[in-house]
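Worksheet: the structure to be examined is printed underneath.
No lab work stands behind these numbers, since they all come straight from the coordinates. From a predicted model like this one, the values you see are computed outputs, not experimental measurements. Counting neighbours? That spans all protein chains shown, and the Cβs are built from the backbone with ideal geometry, glycine included.
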Amino acid sequence: MTMNPENPYHHEALVAGLAMAIGDFGALCAENDLPVSDDGLTYFCVQILADWKIATKHMESIINAAVCKHLDEVEA
């Protein structure tokens, strides 16, 4: 089954999955004393979404929502 970002349920699943990956990315960088840059994080997210075969036109909104979701979870 292909995830359709225009379907709200699929969109939320994509955001949640990417938010988890962002957390893992941050932890990996911290463990190895590597800085986390906006460009590096964006590249990481785009590569994941491309691997998931998500159209470019949907990537920005999914990445922004995933970053917000991750930050909300970190602050909670």
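Modelled this way, with points 7 Å down the Cα-to-C-beta line, the labels at Met20 and Lys57 are 2.9 nm from one another.
Backbone phi angles across the stretch 64-75, fed through the Karplus curve with coefficients 6.51, -1.76 and 1.60 (θ = phi - 60°), yield HN-Hα couplings of 4, 5, 5, 5, 4, 4, 4, 5, 4, 5, 5, 6 Hz in residue order; Gly and Pro are listed as x. Modelled this way, with points 7 Å down the Cα-to-C-beta line, the labels at Gln47 and Asn32 are 0.9 nm from one another.
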